[in-house]
Amino acid sequence: YTGSNPVIQQTWSSLYRTIFRANMVLDRASKWQPTLEAEKANQKQYIAEASFLKGWAQFQLTQLWGRVPIRSDFGSSQNIALGRGTVADGWAAV
């Protein structure tokens, strides 16, 4: 298998797309100032769901490839020139 295999490319892209979207939700939800109690509960749920999906995608990347770039926040999600992290960093991000 090489990096030009379409299944591998799609898996890699889909996992990083999941991390990008989760980071965007986490960024936006942390800036949101809910006024109603129901909105506060929604905010907690959105953060919890996005955190889970981000951790799941990072788990898959680390399990499959080991040393992968770590996109820890929304700003780093937009940096395409981010270097590979260590396997320990990958597991810490999970």
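Some observations on this one:
- Every residue from the range 67-85 that is farther than 17 Å from Met24 by Cα and exposed (fewer than 13 other Cβ atoms within 10 Å of the Cβ): Ala81, Gly83
- Test: residue in the range 60-79 that is in contact with a Gly (Cβ under 8 Å, 6 or more places away or on another chain) and either part of a helix (DSSP H, G or I) or acidic (Asp, Glu) (or both): yes
- Residue count for the range 66-92, restricted to those that are touching a residue at least 24 places away in the same chain (Cβ under 8 Å) and of a type in the set (A, V, I, L, M, F, W, C): 3.
- Selection status of Trp12, open to solvent by 40 Å² or more (accessible area, probe 1.4 Å), in contact (Cβ under 8 Å) with a residue 40 or more places away in the chain and either assigned to a loop (DSSP other than H, G, I, E, B) or within 24 Å of Asp89 (Cβ to Cβ) (or both): yes
- Residue that is at pLDDT below 95 and either buried (at least 17 other Cβ atoms within 10 Å of the Cβ) or of a type in the set (S, T, N, Q) (or both), where the choices are Gln60, Gln45: Gln45
- Looking only at the range 41-83, residues that are of a type outside the set (A, V, I, L, M, F, W, C) and under 16 Å from Ser14 (Cβ atoms) come to 9 in all.
- Enumeration of residues in the range 19-42 that are in a helix (DSSP H, G or I), open to solvent by less than 70 Å² (accessible area, probe 1.4 Å) and more than 15 Å from Gly75 (Cβ to Cβ): Ala29, Ala38, Glu39, Ala41, Asn42
The values are calculated or read from the model by the stated rules, or taken from the named source; none is laboratory data. All values reported here derive from a predicted model rather than from experimental measurement. Positions of Cβ are generated from backbone atoms using ideal geometry, with glycine treated the same way; all protein chains shown enter the neighbour counts. To get the accessible areas, we keep the full protein, side chains included, count just its heavy atoms, and leave off ligands, DNA and RNA. Shrake-Rupley method; radii C 1.70, N 1.55, O 1.52, S 1.80 Å.
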